[in-house]
Structure formats: structure tokens, C-alpha cells
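Visitor: Below: one structure in C-alpha cells.
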Ligand SMILES: NC(=O)c1ccc[n+]([C@@H]2O[C@H](COP(=O)([O-])OP(=O)(O)OC[C@H]3O[C@@H](n4cnc5c(N)ncnc54)[C@H](O)[C@@H]3O)[C@@H](O)[C@H]2O)c1
């Protein structure tokens, strides 16, 4: 069965999603919506047989299985609500900047028996899933501390840096720890003179005294996507910018030493968006949504609101 996709928003991120649906044998991009004619013309070159509209209300919902919403964040809620009546929906992160609206979309999806997915790409990455297993089987002892540095990204004017970049950290933490912090502290400010807060320092405390530090900033000359996981017996670094060696394990020489031995494991380096597309296919086919079913979005949005 090939599922038909309508994609809304063909700007920076939309083409990346479109490419991954195109590369899948299980989906076909039936129509693309963008209010910019210039961007629709770019899409036409790659998807010559698709339909093209400038308004999402032109989509014939009866011909579509999955609607993918990759428009600016301020439109996510209204568009998702509109399509959840009749279609499964994938929305770009952040789903909405408002907890009540996120909870309402979750209720809508359940009430209408339609699946709601959100693109938090890192929870579909081989590197994060590698660390997830290590935490689960306690391979290197207790997890003591996590530090995450996420810097440089396009500046947004409808969401601040926490909703834009911090959402990745909070979704990763929720996924690997399956819990929320018991203490949340955040310091946000403007480095550049722009509308939204562009830099944030976040401190979280999880159960078992696990401490988390997150630095998010749009203002940086270099792109940084680095997380350090500090265990009793090893430190694991996860660098999503590395093409192959994303995970490095620094094993402690012995208990009392501060020297480490480096190990670079083989991990799945397939594109996270491709894994997300496969997850969506299986979910629609089996009418299940194991990652998002248990209030994943509500849980994340609660933490983001507190920050
Ligand atoms: N998951 C990720 O890692 C990731 C990365 C980048 C962006 N995003 C998210 O994707 C979304 C889009 O970001 P972007 O960087 O692609 O933005 P963008 O501005 O580059 O693209 C948005 C596109 O939507 C179109 N658009 C605007 N209003 C519209 C409307 N009412 N109807 C139809 N089309 C409309 C614009 O013309 C543009 O082509 C944001 O919510 C952002 O947070 C997610």
C-alpha cells in the first residue's frame, strides 16, 4: 500500500522531509502547498506529477492519507486541527507554543482516530538510540550528568530559541529517560537585538539526582550539536555533526583514575528523517503510535513552558 502525502511548507525544512518521503517506497507526494510561488516552482522541478496549491484549504482531504505540516510554527495548531478531522498528520516541531493547544490536538487525534506525529528528528537517530540502550542496561553504571550544547540555527520570529532548539534537547531527554525533570531553571536573553530570546542556559534536575545542563543559542559562528553523557564508569559524547563517528565512548581506566580509553562503536547512521518516515509507515499500517501515544507531546510542552 502506498500512502498519499500532502506537504504544506516548502521552505528550508520542507524539501528535506519531501526528499525522505520520495525515497520511501511506501509514500507518494500527491500535493505540495506553499504560499510562495517561488518555492512552489522549486518543488515542481522535483515533483512534476504532484498537484500544487497556495492555500492548504485547496487540498482534497479524501485523496490524502497523511498531511505533513512544515509551515512556520504560528500556523501549526490551526492547520493540524483542521486536518486531524480527516487525515493522519505529521507536524514539525514545536507542535505549538501552548500546552492547552497541544493537549487539545492530542485529544482531537484520539477522538477522530487519526494519528498525530511530530518531527523530533533526534529521537529517530542511531546515535541517540545507541545511548538510550546504554542507559537502559546500565552498561557504564549510574548516569550522573548530561551536558548539551546546541548552537547556530536560522533565527525565528515566531518562537524563541528554547522552543526552536531546546525542544530537541527536551524531546531527547524525555525519550531516553522516560521521565520529566523535578526541577527546572532557565536563563534566557537576547545577545543580538532581535524580537525573540536567542540564547538560553537551562538547568534541570531529574530523579536519582541526575543533573542536566543545556546551552541553546542561535548566535554562533559554528554549528554545534554536542551532548555529553557522564556515567560512573565512562563518558559518552554524541556529536550529530560528525558524519560517521557520532558516538565516542571514553572508558575510565580504573575507578580512581581521571584517564580514559577511547572506543568508537559502530552505530546506525541512516538519516533520522528516513527512520521517522519508516516509523510513520508502520504506525499507520498497524494503527499504533507507540512513541507519541503516551502524551509525549504534552509532557515535552510542559517542560518547555516552565523554561
Ligand atoms: N525538525 C527539525 O529539526 C526542524 C528544522 C528546521 C525547521 N523545523 C521546523 O519547520 C517549520 C518550518 O521551518 P522552515 O525553517 O522550513 O521555515 P521556512 O520559513 O524556511 O519555510 C516555511 C515555508 O512555509 C511557507 N508558508 C508560510 N506560511 C504559509 C501558509 N500559511 N500556507 C502555506 N505555506 C506557508 C513559506 O512560504 C515557506 O516556504 C518550523 O516550525 C520549524 O521549527 C524543524
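Here, each number is a calculation from the coordinates, and none is a lab measurement. This structure is a prediction, so every number in the text was calculated from the model and none was measured. Here the Cβ is made from the backbone with ideal geometry for all residues, glycine too, and neighbour counts use every protein chain on show.
Visitor: Can you tell me, using C-alpha contacts under 8 Å and at least 6 residues apart, the relative contact order of the range 122-269 as a whole percent?
Guide: 27 percent
Visitor: To the nearest 10 degrees, how steeply does helix 167-177 sit against the main Cα axis of the chain, on a 0 to 90 scale?
Guide: 60 degrees
Visitor: Measure nothing fancy, just the Cα-based angle from helix 296-306's long axis to the longest principal axis of the chain, in degrees from 0 to 90, nearest 10.
Guide: 70 degrees
Visitor: Moving on. Can you grab the distance from the C-alpha centre of the range 91-131 to the C-alpha centre of the range 227-287, Å, no decimals?
Guide: Using only Cα atoms, the two centres lie 22 Å from each other.
Visitor: Which angle between 0 and 90 degrees, to the nearest 10, do you get for helix 37-46 versus the longest principal axis of the chain when only C-alpha atoms count?
Guide: Helix 37-46 sits roughly 80 degrees off the main axis of the chain.
Visitor: If contacts are Cα pairs under 8 angstrom and at least 6 residues apart, what is the relative contact order of the chain in percent?
Guide: 17 percent
Visitor: Can you give the helix-only mean residue ellipticity at 222 nm for the chain, where every DSSP H stretch with n ≥ 4 adds -39500 (n - 2.57) and the sum goes over all residues, rounded to the nearest 500 deg cm²/dmol?
Guide: Helix-only estimate at 222 nm: -9000 deg cm²/dmol.
Visitor: Follow-up question, since we're still on this one. Dividing the alpha-carbon radius of gyration of the range 117-208 by 2.2 N^0.38 Å (N being the number of residues), what value is obtained?
Guide: Dividing the Cα Rg of the range 117-208 by 2.2 N^0.38 Å gives 1.20.
Visitor: Enter the Cα centre distance for the pair the range 133-182 and the range 1-59, rounded to the nearest angstrom.
Guide: 30 Å
Visitor: Can you sort 92, 78, 242 from fewest to most other Cβ atoms within 10 Å of each residue's own Cβ?
Guide: Listing 92, 78, 242 from fewest to most nearby Cβ atoms yields 78, 242, 92.
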